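> Have a look at this one.
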Amino acid sequence: MKALALAALLACLAAAPAAHADPKVKELARIKGHGESILQGYGLVMGLPGTGDSGKDAVLARPLAKILENNHNAPETLKELASSKTVALVMVMCRTPAAGSRADDKFDVTITAINNASSLKGGVLYVTPLTDPRPGGEVYAFAQGKIELEDTSTPTTGKVREGAQLVRDIPAPRIEGAFEILLDPPYAGWSSAQLVASAINEWVAPLGPAAASAVDERTIRVEVPEHERTAQADFLHRVMTAEVPASRLNLAAQVVCNARTGVIVVTGDVEISPGIISHKDLVITTTIPAPQPTPQDPATERHRWAPVQTNARPKDKAKLGDLLSAFKQLDIPPAQQIEVIQLLHKSGRLHAKLIVE
């Protein structure tokens, strides 16, 4: 059913009319200084079924005793907490969006055990203040809530959905007269920077002096014209929604691998130089029919190597897609596929940018 559904979806996509493919500046870049903010804090996860830290550890006993004291139930000594195994000391982290945030906004938080807890499953994060990561940072939010494990193979890490609530604003930096746009790393390059600058000028200043200019491979400086400074929000909107001709971007091919999910995404027609791969359990099996072969008793030959080469002229390069197809036929696990791709990149045989997440 899944295969039929996927085929139907692809057929619908193929039949749909082509949409305008030119990306907007905001899809390729961001305003410098308008990045995500990170909030962090140390907290306690409670209610664990015997999988928490040992109460004998002072690193856990001290903050736990402080919480009990604040709730008018202070222990006489830390030894009273020695038998505790239901509490874990954790690091709590939260990311807020580049556009800025306002008090009462809620965000997901990531929880990570930092002592000896074996699992956070079933636990609840006690109210935890979150601050700017810099020393002496102010409190911007409080986090609390029931923990969900995203990956059961790593039970010491989890999330609390919308577990952090801001108590003060995190505004985006103000722009005074001029600002810089930073291309995202996959789009960096002199030609891309110049193309984006030209697109901005055509969009916001088609008849006047140029407002944007490329500074380096990632940076475009934009001067806000005098007559636009009373309505900068509208000017910024027009700059960030300027369309960039996709056909002229000439972006480098990329291979993006997600080690956790095993997903491999290839952009462009990625090439690899001819070579031979030998890796762990990578085995090519060739079935040779006997004079009277049977499915139960075929003869086989096994080789612990896989040739990777083009069927065209010797100087031509093979395609990464061909290798991935071979992996699929050999039923190679995604983790090993990613390892092979990394080795190809390290040896200079993969002709693309490699990003492993």
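Nothing in this text is a laboratory measurement; each read-out follows from the coordinates by a stated rule. Everything numeric here is computed off the predicted structure, so don't read it as measured data. As a convention, Cβ positions derive from the backbone with ideal geometry for all residues, glycine included, and neighbour counts pool all protein chains shown.
> For Asp104, what charge total do you get from the other residues with a beta carbon under 11 Å from its beta carbon, if Lys and Arg give +1 and Asp and Glu give -1? Present the calculation step by step, with values, prior to reporting the outcome.
On the way: positive: Arg102, Lys106, Arg168; negative: Asp105, Asp169.
Here the count lands on +1.
> Within a 10 angstrom radius of the beta carbon, how do Asp331, Asp169 rank from fewest other beta carbons to most?
On the way: Asp331 6, Asp169 12.
Listed from fewest to most nearby Cβ atoms, that is Asp331, Asp169.
> Is the shape of the range 62-210 best called rounded, prolate or oblate, per the rule: a/c under 1.5 gives rounded, else a/b larger than b/c gives prolate, else oblate, with a ≥ b ≥ c the square roots of the Cα gyration tensor eigenvalues?
Numbers: a/c = 3.72, a/b = 2.43, b/c = 1.53.
Because a/c hits 1.5 or more and a/b exceeds b/c, the range 62-210 counts as prolate.
> Quick one: order Cys257, Cys94 by neighbouring beta-carbon count within 10 Å, fewest to most.
Working: Cys257 21, Cys94 24.
So the residues, fewest neighbours to most, are Cys257, Cys94.
> Given a cut-off of under 8 Å on Cα pairs at least six residues apart, what relative contact order in percent is computed for the range 37-166? Present the calculation step by step, with values, prior to reporting the outcome.
Working: 323 pairs, mean separation 39.5, N = 130.
That works out to 30 percent.
> Kindly put His227, His237, His72 in sequence by how many other C-beta atoms sit within 10 Å of each C-beta, fewest to most.
Ascending number of Cβ neighbours within 10 Å: His72, His227, His237.
> How long are the three semi-axes of the equivalent ellipsoid for the range 174-248, computed from the Cα gyration tensor as the root of 5 times each eigenvalue, in whole Å, largest first? Present the calculation step by step, with values, prior to reporting the outcome.
Numbers: eigenvalues 84, 35, 22 Å².
Its equivalent ellipsoid spans semi-axes of 20, 13, 11 Å.
> Pairs Lys79/Lys146; Lys32/Lys159; Lys85/Lys146: which are spaced more than 25 Å apart, C-alpha to C-alpha? If you can, show how the numbers build up before the last one.
Values: Lys79/Lys146 28 Å; Lys32/Lys159 29 Å; Lys85/Lys146 18 Å.
Too far apart for the 25 Å limit: Lys79/Lys146; Lys32/Lys159.
> In nm, give the distance between the simple-model label positions of Gln342 and Ala98, each being 7 Å from the Cα along the Cα-to-Cβ direction.
Each label point lies 7 Å from its Cα, and together they span 2.8 nm.
> Averaged over all directions, how much area does the convex hull of the C-alpha atoms of the range 76-128 cover when projected, in nm²?
Values: hull surface 22.7 nm².
Result: a mean projected hull area of 5.7 nm².
> Starting from the Cα of Lys24, step 7 Å along the direction of its Cβ; do the same at Glu80; then give the gap between the two resulting points in nm.
Label-label distance for Lys24 and Glu80, simple model: 5.9 nm.
> Would you mind counting up the charge near Val139? Only other residues with Cβ under 10 Å from its Cβ, with Lys and Arg at +1 and Asp and Glu at -1. List each step's numbers first, then the result.
On the way: positive: Arg168; negative: Asp132, Glu138.
Once positives and negatives cancel, what remains is -1.
> Mind jotting down the distance between the C-alpha centroids of the range 204-242 and the range 90-114, whole Å?
Result: 32 Å between the Cα centres.
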